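Structure record follows, encoded as structure tokens.
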Amino acid sequence: RCWLEEADLAGERFWVGLRLLDGIRPTLEQRSARAPAIRQMTAAGLLEDTGETLRLTPRGVLLSNEVFEAFL
């Protein structure tokens, strides 16, 4: 049994998934809630947004703390 609430679990999936090389497929809700940070990190070349998936670029992997900070 999971001790996280459903909303917390979705957030954890977002953060853990973003660390994966394949990235994540965020929900519409996650995408809209983080739209400004997604645009900012994509423009900075740290995040790749295919419209379906989000993933760190090679440079984004090196600067992942800055990317994660933008989402907070």
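Taking each residue of the stretch 1-14 that is closer than 22 Å to THR53 by Cβ and modelled with pLDDT of 75 or more and looking for partners that are surrounded by 10 or more Cβ atoms within 10 Å (Cβ to Cβ) and of a type outside the set (Phe, Trp, Tyr) with beta-carbon atoms closer than 6 Å, six or more apart or interchain, yields PHE14/GLN30.
For the stretch 15-30, a residue qualifies if it is surrounded by 15 or more Cβ atoms within 10 Å (Cβ to Cβ), more than 17 Å from LEU62 (Cβ to Cβ) and modelled with pLDDT of 90 or more, and the qualifying residues are ILE24, PRO26. In a residue-by-residue description of the stretch 5-14, the property of being open to solvent by 50 Å² or more (accessible area, probe 1.4 Å), under 12 Å from the mean Cα position of the chain (by Cα) and not small (Gly, Ala, Ser) applies to at least one position.
For (1) out of contact with any Lys or Arg (no Cβ under 6 Å at 6 or more places or on another chain); (2) polar (S, T, N, Q), each residue gets a yes or a no:
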{"residue": "LEU18", "(1), (2)": "yes, no"}
{"residue": "GLY23", "(1), (2)": "no, no"}
{"residue": "ALA33", "(1), (2)": "yes, no"}
{"residue": "PRO36", "(1), (2)": "yes, no"}
{"residue": "GLN40", "(1), (2)": "yes, yes"}
{"residue": "GLY51", "(1), (2)": "yes, no"}
{"residue": "LEU54", "(1), (2)": "yes, no"}
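Of the residues making up the stretch 48-72, those that are farther than 14 Å from ASP22 by Cβ and among the aliphatic types (A, V, I, L, M) number 5.
Within the stretch 32-44, the residues that satisfy the criterion of being surrounded by 14 or more Cβ atoms within 10 Å (Cβ to Cβ) and either within 16 Å of LEU63 (Cβ to Cβ) or in contact (Cβ under 8 Å) with a residue 12 or more places away in the chain (or both) are ARG34, ALA37, ILE38, GLN40, MET41, THR42, ALA44. Restricting the stretch 45-72 to residues that are surrounded by 15 or more Cβ atoms within 10 Å (Cβ to Cβ) and among the β-branched types (Val, Ile, Thr), which is farthest from the chain's Cα centre (by Cα)? Within the stretch 45-72, the match that is farthest from the chain's Cα centre (by Cα) is THR57.
The values are calculated or read from the model by the stated rules, or taken from the named source; none is laboratory data. Everything quoted here is computed from the prediction, not taken from an experiment. Glycine gets a Cβ as well: all are built from the backbone with ideal geometry, and neighbour counts include every protein chain shown. Accessible surface is based on the protein model in full, side chains and every heavy atom, while ligands, DNA and RNA are left aside. Shrake-Rupley method; radii C 1.70, N 1.55, O 1.52, S 1.80 Å.
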